[in-house]
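Chemist: Sharing a structure below in structure tokens format, with a few things to ask.
The values are calculated or read from the model by the stated rules, or taken from the named source; none is laboratory data. The structure displayed is predicted, hence computed values, not measured ones. No Cβ is skipped: glycine too gets one built from the backbone with ideal geometry, and neighbour counts run over all protein chains shown. These accessible areas exclude ligands, DNA and RNA; they are computed on the full protein's heavy atoms, side chains included. Shrake-Rupley method; radii C 1.70, N 1.55, O 1.52, S 1.80 Å.
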Amino acid sequence: MLSLLDLHPDAYPLEGYRKRQLLQWVFEHGAASFADMTNLPAKVRAELSASYTLDPFLSIETVPSSDGSVKYLFTLPDLKQMEAVYMPYEDRRTICVSTMVGCPAKCAFCATGALGFGRNLTPGEIVGQVLAVARGQGISPREIRNLVFMGMGEPLLNYEHVMTSARIMLHEHALGMSKRRVTLSTVGLPRGIRKLAAEDDLGIKLAISLHAPDEETRQRIIPTAHANTIAEIMASAREYQAFTGRRVTFEYAMLRGVNDHLWQADLLADLLRGLVSHVNLIPMNPWDGSGFEETPEADLQAFYDRLEARGVEVSVRRSRGRDAGAACGQLALKKPGAAPAGLISLQ
Ligand code: SAH
């Protein structure tokens, strides 16, 4: 059976206003089954159920965090698992979605990397995370306006599926998200970045996980850095900007004594000269056995101040959901100690 969620709306099975009704059921009402789509004729509903599935997950568990974030743990039909994180803010609702089961990038400070690569997610399994989270939160999927491809996986290594899912996120009759509120984060793969720049109907935001401005440090913490030099990554970021006119974000997880020296702040500022960019400093989120520690607050502040003094636009990303194991780099399918895990659907 085909999964309806794998399809771009242009490829939906119905025509005209019937198609609009179907899209409304899926993306506005977040219908969990074709049977719920009461304004479609029974025959159409029966045909849809005979040919398509709607829910790509076997089961979903939730792990709430004390800050209001909720980690969603999905079990797929092949029993593999992956996660999404829902983050409500005062003025917006954000979802962080996975693009793979596990991740091949194996960054030394990231718990997902330690799992290794499981498999690519299908477009439906990516879009389905948004629908399932909305259902779990009791809201319309279209109320989730902000999305980051920053969960498990390297989105540029599951390129076609991620692009299809992004087009479904943006499609006005599907999730209708604004391209300015969809961000793809990559470990820094120049070929993929150039390819993304050429998707000119898409225009989503790009974030690059740089994490170090010098080759030695970057290669120590990011295995793929051996294949992609910082110079190549920066060249592709410049091309991306020239093509799209978009500001590029650089993510920088602060690792104590590794990449938090002031000379590295200076080097980073040098690298960014002439590029319209933003640096997101992320305090390292701890996990058992990572072998890395957080940069102390005073050192983080000094690093921040140095970047700012050098004219770099910089902010600190305080990760959400740490106590639920839901913060950046903690996604590793663990349910922390005593946190209550709610089961929301089992088929
Ligand atoms: N593969 C993509 C998507 C992951 S996004 C990428 O590399 O960008 C998750 C972000 O959190 C990345 O910037 C990642 O490097 C960062 N991260 C990973 N482990 C972390 C940790 N333990 N603490 C803080 N940030 C971490």
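Chemist: Pick out, in residue order, every one of the GluC sites (Glu not before Pro) in segment 278-326 that is DSSP loop and has at most 14 other C-beta atoms within 10 Å; say none if there are none.
Modeler: Here the GluC sites (Glu not before Pro) that fit, given the DSSP loop and packing criteria, are Glu293, Glu313.
Chemist: Can you give me the three principal axis dimensions of the chain from its C-alpha atoms, in Å, biggest first?
Modeler: Computed over the chain, the largest-to-smallest principal extents equal 68, 48, 36 Å.
Chemist: Return the Rg/Rh ratio of segment 149-254 with Cα-based radii and a Kirkwood Rh.
Modeler: Taking Rh as the inverse mean 1/r over Cα pairs, Rg/Rh reads 0.98.
Chemist: In a shell of Cβ-Cβ distance under 15 Å around Thr244, excluding Thr244 itself, what net charge do Lys and Arg (+1) and Asp and Glu (-1) give? Don't skip to the answer; put the middle values down first.
Modeler: Numbers: positive: Lys179, Arg180, Arg194, Lys195, Lys205, Arg238, Arg246, Arg247; negative: Glu199, Asp200, Asp201, Glu239.
Net charge in that neighbourhood comes out at +4.
Chemist: So if I place +1 on the C-beta of Lys and Arg and -1 on the C-beta of Asp and Glu, and nothing else carries charge, what would the dipole magnitude of segment 56-324 be about its Cα centre? I want it in debye, nearest 20. Please report the intermediate quantities before stating the final value.
Modeler: On the way: 30 positive and 32 negative charges, 147 e Å.
Computed charge dipole of segment 56-324: roughly 700 debye.
Chemist: Which one, Val312, Gly203, Gly124, is farthest towards the positive end of the dipole of the chain when Lys and Arg carry +1 and Asp and Glu -1 on their Cβ?
Modeler: Gly124
Chemist: Related question: Ignoring ligands, DNA and RNA, what percent of the 1.4 Å accessible area of segment 56-324 is carbon and sulfur?
Modeler: Numbers: 5150 of 10380 Å².
Exposed carbon and sulfur together represent 50 percent of the surface.
Chemist: Taking the alpha-carbon centroid of each part, what is the distance from segment 231-250 to segment 127-172 in angstrom?
Modeler: What the calculation gives is 24 Å, centre to centre.
Chemist: Rounded to the nearest 500, what is the 222 nm mean residue ellipticity of the chain from helices alone, with -39500 (n - 2.57) per DSSP H run of 4+ residues and division by all residues?
Modeler: Result for the chain: -9000 deg cm²/dmol, rounded to the nearest 500.
Chemist: How many Å² of accessible area per residue for the chain, probe 1.4 Å?
Modeler: 42
Chemist: Let a ≥ b ≥ c be the square roots of the eigenvalues of the Cα gyration tensor of segment 1-55; is it rounded (a/c under 1.5), or, if not, prolate (a/b larger than b/c) or oblate? Kindly include the intermediate steps, with their values, before the conclusion.
Modeler: Details: a/c = 1.17, a/b = 1.05, b/c = 1.12.
Cα axes put segment 1-55 in the rounded bin.
Chemist: Using the Cα gyration tensor of segment 258-305, with a ≥ b ≥ c the square roots of its eigenvalues, what is the shape: rounded (a/c below 1.5), prolate (a/b larger than b/c) or oblate (neither)? Kindly include the intermediate steps, with their values, before the conclusion.
Modeler: On the way: a/c = 2.35, a/b = 1.95, b/c = 1.21.
Because a/c hits 1.5 or more and a/b exceeds b/c, segment 258-305 counts as prolate.
Chemist: Rounded if a/c is under 1.5, else prolate if a/b beats b/c, else oblate: with a ≥ b ≥ c from the C-alpha gyration tensor eigenvalues square-rooted, which is segment 192-312?
Modeler: Prolate shape, in that a/c is at least 1.5 and a/b is the bigger ratio.
Chemist: Projected area of segment 121-203, taken from the Cα convex hull and averaged over every viewing direction, in nm²?
Modeler: If you wrap the Cα atoms of segment 121-203 in a convex hull and average its projections, you get 5.2 nm².
Chemist: Which pairs, out of Lys80/Lys179; Lys19/Lys179; Lys19/Lys43; Lys43/Lys71; Lys80/Lys205; Lys106/Lys205, put more than 26 Å between their alpha-carbon atoms?
Modeler: Check vs 26 Å cut-off fails for Lys80/Lys179; Lys43/Lys71; Lys80/Lys205.
Chemist: Please give, to one decimal in nm, the separation of the simple spin-label points placed at Glu172 and His226, each 7 Å out from Cα toward the Cβ.
Modeler: Between Glu172 and His226, the label points sit 5.0 nm apart.
Chemist: Separate question: 7 Å from Cα along Cα→Cβ at both Gln24 and Arg145: what's the point-to-point distance in nm?
Modeler: It works out to 2.3 nm between the two label points.
Chemist: Could you tell me the calculated FRET efficiency between Leu2 and Arg180, based on Cβ-Cβ distance and R0 = 35 angstrom, to the nearest 0.05? Write down the numbers at each step before the final one.
Modeler: Numbers: r = 32 Å, r/R0 = 0.91.
Using R0 = 35 Å, I get an efficiency of 0.65.
Chemist: So, R0 is 30 Å and r is the distance between the beta-carbons of Ala198 and Glu15; what FRET efficiency does that work out to, to 0.05?
Modeler: 0.45
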